[in-house]
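Visitor: Here it is, the structure in full.
The values are calculated or read from the model by the stated rules, or taken from the named source; none is laboratory data. Bear in mind that the values here come from a model prediction, so they are computed numbers and not experimental data. Here the Cβ positions follow ideal geometry from the backbone for every residue, glycine too, while neighbour counts run over all protein chains shown.
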Amino acid sequence: MSDVSTVDADLDDFLGKWRGRWPEWRIAQVFVPESQRATAEAWLALLQEWTDAAWAGDDPTPGFAKLIWWQEELLGWSKGVRRHPLGRVLQKQPASWATLATALPALQAVREPLRAWAAPQTLDAPLQPLAVAIADCERALFAPEAAPVADAFALLAAHALWYRDEAGAAKATKAWAQRLAASAPQRAGSRPRRIHDALSHARLQRVATRGEASALSPMTALWRSWRAARG
């Protein structure tokens, strides 16, 4: 197998992991400009890699080591060098990768409060540097003309949706999801961000009411995505 084929396969593996968690995106992406779809998938998969590294599992050490690697990788992207397959899609984009690298440790700082189900609002401040860096990157990637909207909703939603069974009882998870869902942003940021936040919000509502976060039905995904795209 050629080096190019290997990179393609590795990229498909990372994108496939993200698509496996978000099957709704197959429907939702029709509301994203076609020229931005590949970038949006790679970007959202990248954010998933970081929250998985920071918050999944009982032992934080391997994940924190991975975040250090990612800091080095992003600094490389800022200098035109890449190693990770997602960089094939993202590295040449005009985003501030070095600023993003500097902000990554914020994920480590909130791991233990998250696992203790600290109130979502108390986590906004420690996550704010990363939220700002993410918003700036999303403006560069998807909506250069728009003012960036920085909040921690997408990061905190990932905790409630993917790590709830590891970090606490169902009752605590539901109550936390209720509080986070109530603070969800409305039609903020770029179109890919608005759509993804809308899907996250719909799933959070399922956690809050039923304690489970299964994929949305095609009709619900279509409706939520269309409304978010209109914003």
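Visitor: Here is a list: E49, E34, E112, E72. Which entry is among the acidic types (D, E) and within 18 Å of the chain's Cα centre (by Cα)?
Guide: E49
Visitor: State which residue is surrounded by the most Cβ atoms within 10 Å (Cβ to Cβ) when the search covers only the stretch 14-52 and only residues that are without any contact (Cβ under 8 Å) to a residue 24 or more places away in the chain and closer than 23 Å to R83 by Cβ.
Guide: Only one residue fits best here, namely R19.
Visitor: Kindly evaluate A95 against the criterion of being outside any helix (DSSP H, G or I) and buried (at least 20 other Cβ atoms within 10 Å of the Cβ).
Guide: Spelling it out, A95 is indeed outside any helix (DSSP H, G or I) and buried (at least 20 other Cβ atoms within 10 Å of the Cβ).
Visitor: Another question, then. Would you please name the residue that is modelled with the lowest pLDDT, looking only at residues in the stretch 168-190 that are surrounded by 14 or more Cβ atoms within 10 Å (Cβ to Cβ), of a type in the set (K, R) and within 17 Å of R206 (Cβ to Cβ)?
Guide: It comes out as K174.
Visitor: Moving to a separate point now. For the stretch 17-69, how many residues meet the condition of being of a type in the set (D, E), at pLDDT 95 or above and not in a helix (DSSP H, G or I)?
Guide: 1
Visitor: Scan V110, V89 and give me the residue that is buried (at least 18 other Cβ atoms within 10 Å of the Cβ) and in contact (Cβ under 8 Å) with a residue 60 or more places away in the chain.
Guide: V89 is the lone residue from the list that is buried (at least 18 other Cβ atoms within 10 Å of the Cβ) and in contact (Cβ under 8 Å) with a residue 60 or more places away in the chain.
Visitor: In this structure, does S200 turn out to be under 14 Å from the mean Cα position of the chain (by Cα) and either more than 30 Å from E112 (Cβ to Cβ) or at pLDDT 90 or above (or both)?
Guide: yes
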